[in-house]
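Below: the structure, in structure tokens.
The values are calculated or read from the model by the stated rules, or taken from the named source; none is laboratory data. On a predicted model such as this, the values are computed, not experimentally measured, just so you know. Methodologically, a virtual Cβ is constructed for each residue, glycine included, from the backbone with ideal geometry; neighbour enumeration extends over all protein chains shown. Only protein heavy atoms, including side chains, enter the accessible area calculation; ligands, DNA and RNA are left aside. Shrake-Rupley method; radii C 1.70, N 1.55, O 1.52, S 1.80 Å.
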Amino acid sequence: MTPLMPINNPPRLMQEEDLDAVIHLQSTCYSREFHEPKAAFASKLAAAADSCWVMQGPCGLLAYLVCLPIEGDQLPALHAPDWRQSDNPDWLYLHDLAIHPDARGGGVAQAMLLRANDLAKSRKLATVGLIAVQDSAPFWRRHGFEPASGAASQISAAKLASFGKDATFMLRRNIAQ
């Protein structure tokens with residue numbers, strides 16, 4: 001199969017008209033229990049339009065990244081129908097990263113994560129966190145994330161459980177320094 005890799009095509013801000021392609025890519029990358037409805041994506045995009053990106057390739061959407069500025073444990077549970085940004089976010093939550101299988105291994109993840117890091121730095125957020133699913137913890141470790149435990153695991157057990165029994169909360173600290 002021909003790779004969908006872009007040439008000099010950086011991530012751009014996600015738009016509402018991208019949501020159908022985002023939903024399609026989600027269904028390509030994630031098992032059914034992780035498929036969020038379009039309304040859930042639209043809610044996050046409306047609340048955090050400056051922290052959601054897509055990367056187009058010559059044959060369609062290569063990747064998307066949905067990041068949410070979070071305060072404490074105010075991240076949405078999986079499939080949450082609506083989300084509102086807090087007034088005083090203190091960390092950046094990477095809610096969802098999907099990369100088309102034909103685009104993996106070519107630097108797309110790095111390009112998307114650089115956008116997230118730049119945003120965290122610009123907002124002086126020293127921590128970026130995520131919930132690793134589908135055995136993705138090794139991928140996230142390669143990008144500097146480590147499993148959080150104890151007091152560092154600031155999300156509730158119920159929210160973590162909404163992502164499945166094997167979900168792992170991971171953090172990357174000192175982003176804004």
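Can you list residue pairs whose Cβ atoms sit under 7 Å apart, with the first residue in the stretch 41-57 being under 18 Å from Asn9 (Cα atoms) and the second being hydroxyl-bearing (Ser, Thr, Tyr) and assigned to a strand (DSSP E or B)? Count only pairs 6 or more apart in sequence or on different chains.
Matching pairs, first to second residue: Trp53/Tyr64; Val54/Tyr64.
Of the residues that sit in the stretch 61-71 and are within 27 Å of Arg104 (Cα to Cα) and of a type in the set (A, V, I, L, M), which one is surrounded by the most Cβ atoms within 10 Å (Cβ to Cβ)? Lay out the reasoning, then the answer.
The initial filter retains those residues of the stretch 61-71 that are within 27 Å of Arg104 (Cα to Cα), namely 61-69.
Okay, now just the ones that are also of a type in the set (A, V, I, L, M), so 61-63, 65-66, 68.
Working: Leu61: 22, Leu62: 27, Ala63: 25, Leu65: 24, Val66: 23, Leu68: 23.
Ranking the qualifying residues of the stretch 61-71, first place goes to Leu62.
For the stretch 86-177, please list each of the strands (runs of 3 or more DSSP E) lying entirely inside it that holds at least 3 residues being without any contact (Cβ under 8 Å) to a residue 40 or more places away in the chain.
91-99
What about Gln74, is it open to solvent by 70 Å² or more (accessible area, probe 1.4 Å), farther than 27 Å from Asn9 by Cα, in a loop (DSSP other than H, G, I, E, B) and in contact (Cβ under 8 Å) with a residue 60 or more places away in the chain?
No: the conditions fail for Gln74.
If a residue must be in a loop (DSSP other than H, G, I, E, B), over 14 Å from the mean Cα position of the chain (by Cα) and aliphatic (A, V, I, L, M), how many such residues does the stretch 48-71 contain?
0
Tally the residues that are in contact with a strand residue (DSSP E or B) (Cβ under 9 Å, 6 or more places away or on another chain) and either within 24 Å of Arg173 (Cβ to Cβ) or not hydrophobic (A, V, I, L, M, F, W, C) (or both), restricting the search to the stretch 79-98.
Result for the stretch 79-98: 12.
I'd like the full set of residues that are assigned to a helix (DSSP H, G or I) and either open to solvent by less than 20 Å² (accessible area, probe 1.4 Å) or among the hydroxyl-bearing types (Ser, Thr, Tyr) (or both), limited to the stretch 10-28.
Passing the criteria: Asp18, Leu19, Val22, Leu25, Gln26, Ser27, Thr28.
Considering only residues that are in contact with a Ser or Thr (Cβ under 6 Å, 6 or more places away or on another chain) and among the hydrophobic types (A, V, I, L, M, F, W, C), which ones fall in the stretch 60-118?
Once the filter is applied, which keeps residues that are in contact with a Ser or Thr (Cβ under 6 Å, 6 or more places away or on another chain) and among the hydrophobic types (A, V, I, L, M, F, W, C), the stretch 60-118 yields Cys67, Ala77, Leu78, Trp83, Trp91.
Scan (1) farther than 17 Å from Ala109 by Cα; (2) in contact with a helix residue (DSSP H, G or I) (Cβ under 9 Å, 6 or more places away or on another chain) for the single condition Ser31 breaks and write down its number.
(2)
Of the numbered conditions (1) farther than 16 Å from Tyr30 by Cβ; (2) buried (at least 20 other Cβ atoms within 10 Å of the Cβ); (3) of a type in the set (Asp, Glu), Asp96 fails exactly one; give the number of that condition.
The one condition Asp96 does not meet is (1).
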